[in-house]
């Protein structure tokens, strides 16, 4: 299937979504890689991890230019574009890969396949200020949106001094097929609100924000 979404979501910010239907050899032929990229790719022992890595680079190059490259901060492992043209956030889950680019804004994105019983983990990331529906048909989706939103906030804040339960709060909202929510970050570094967007793609949840 390949490219599912490649659109400008706001001025200078672009969302991309890729469905991985290709095998390793096909993606390898589709993607520009220099010697350093190939060396890094070869360090992955798992073929699925190699395919994920190639899908990220293929999607990025479809969204920007054929020679676009991702580099990683040595200490934080935060991704950057080599030419500094955009801020970038990346997420992948099973067969989907997502990228959010910001020309002048910080960005955060998270993508999750709704597979496991997330209710068993809710006590680790939901706080007393947050409201989760009691509707059994919507509760699972509600919890996944909260989890993905907090992951996206974690990324946009550079993963600094953040506890998901103590420092991140998603203000109450009703679950729909897609929508806008508000996330609040409150720690020693910042006290800010973030407008966030969520949407469902098949059995996946995608949440992103810009600042």
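The values are calculated or read from the model by the stated rules, or taken from the named source; none is laboratory data. This structure is a prediction, so every number in the text was calculated from the model and none was measured. Neighbour counts run over all protein chains shown; Cβ positions are idealised from the backbone, glycine included.
Quick notes on this structure:
- Where residue 100 falls short, out of the listed (1) surrounded by 11 or more Cβ atoms within 10 Å (Cβ to Cβ); (2) assigned by TED's automatic domain parsing to the domain that holds residue 30; (3) more than 15 Å from residue 154 (Cβ to Cβ): (3)
- Scanning segment 84-96 for residues that are part of a loop (DSSP other than H, G, I, E, B), over 20 Å from residue 48 (Cα atoms) and touching a residue at least 12 places away in the same chain (Cβ under 8 Å) gives 85, 86.
- Taken together, the residues in segment 141-163 that are surrounded by fewer than 17 Cβ atoms within 10 Å (Cβ to Cβ) and under 18 Å from residue 121 (Cα atoms) amount to 1.
- Residue within segment 159-175 that is farther than 19 Å from residue 89 by Cα, part of a strand (DSSP E or B) and without any contact (Cβ under 8 Å) to a residue 60 or more places away in the chain present: yes
Per-residue answers, yes or no, for (1) at pLDDT below 90; (2) assigned by TED's automatic domain parsing to the domain that holds residue 9; (3) within 21 Å of residue 10 (Cβ to Cβ):
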residue: 47; (1), (2), (3): no, yes, no
residue: 51; (1), (2), (3): no, yes, no
residue: 60; (1), (2), (3): no, yes, yes
residue: 63; (1), (2), (3): no, yes, yes
residue: 77; (1), (2), (3): yes, yes, no
residue: 93; (1), (2), (3): no, yes, no
residue: 118; (1), (2), (3): no, no, no
residue: 125; (1), (2), (3): no, no, no
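- Residue check, residue 130 touching a residue at least 12 places away in the same chain (Cβ under 8 Å) and not assigned by TED's automatic domain parsing to the domain that holds residue 171: no
- Single residue of 137, 111 found to be in contact (Cβ under 8 Å) with a residue 60 or more places away in the chain and either closer than 16 Å to residue 16 by Cα or out of contact with any strand residue (DSSP E or B) (no Cβ under 9 Å at 6 or more places or on another chain) (or both): 111
- Scanning segment 188-210 for residues that are part of a loop (DSSP other than H, G, I, E, B) and either closer than 21 Å to residue 122 by Cβ or in contact with a helix residue (DSSP H, G or I) (Cβ under 6 Å, 6 or more places away or on another chain) (or both) gives a single hit, 203.
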